[in-house]
1. Mind telling me which of I53, I11, I61 comes out most flexible in a GNM of the chain, alpha-carbon contacts under 10 Å?
2. Modelling each spin label as a point 7 Å along the Cα-to-Cβ direction, I'd like the Q33/E12 distance in nm, to one decimal.
3. R0 = 30 Å: FRET efficiency of K3 with R46, Cβ-based, nearest 0.05?
4. For every helix of n ≥ 4 consecutive DSSP H residues, a contribution of -39,500 (n - 2.57) applies; sum these over the chain, divide by its total residues, and give [θ] at 222 nm rounded to the nearest 500 deg cm²/dmol.
5. Sorted by average packing, counted as other Cβ atoms within 10 angstrom per residue and highest first, what order do 63-71, 25-33 take?
6. Whole-Hz ³J(HN,Hα) for each residue in the range 25-36, computed from phi via Karplus 6.51 cos²θ - 1.76 cosθ + 1.60 with θ = phi - 60°, x for glycine and proline: what do you get?
7. Can you give the direction-averaged projected area of the convex hull of the alpha-carbon atoms in the chain, in nm²?
8. Summing Lys, Arg as +1 and Asp, Glu as -1, what charge do residues with Cβ under 15 Å from the Cβ of I11 carry, I11 excluded?
Amino acid sequence: MEKRQIQARLIEHGSNFRQFAISHGYEPRTVTQVVQRWAGHDTLPRGRLSFRILRDLSKVIGKEVLPGILADSNEHTECKAV
């Protein structure tokens, strides 16, 4: 998903990158940098903060920002529960 598509989805939900960042405890500049860096890629980020930001964004907009980001986070959750 490209940056503009993510931005459009946030607007549909009455938000923007800055409001998303503040409401989820992230620095607004960090969120925009992560989206700029990873939007449109097919691979998942290795950094924990980048991964969390993109996973939270995907949950808010209701669509995966990167392919597999929501499925991967569910696997990690299941592993912790065992």
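Laboratory data are not the source of any read-out in this text; all were calculated from the coordinates shown. Note that this is a predicted model, so its numbers are computed, not measured. Methodologically, a virtual Cβ is constructed for each residue, glycine included, from the backbone with ideal geometry; neighbour enumeration extends over all protein chains shown.
1. In the Gaussian network model the winner is I11.
2. 2.9
3. Once the sixth-power term is evaluated, E becomes 0.90.
4. Calculated from helices alone, the mean residue ellipticity at 222 nm is -20500 deg cm²/dmol.
5. The most tightly packed comes first, giving 63-71, 25-33.
6. These are the phi-based 3J(HN,Hα) values: x, 9, 6, x, 5, 5, 4, 5, 5, 5, 5, 4 Hz.
7. 5.1
8. +3
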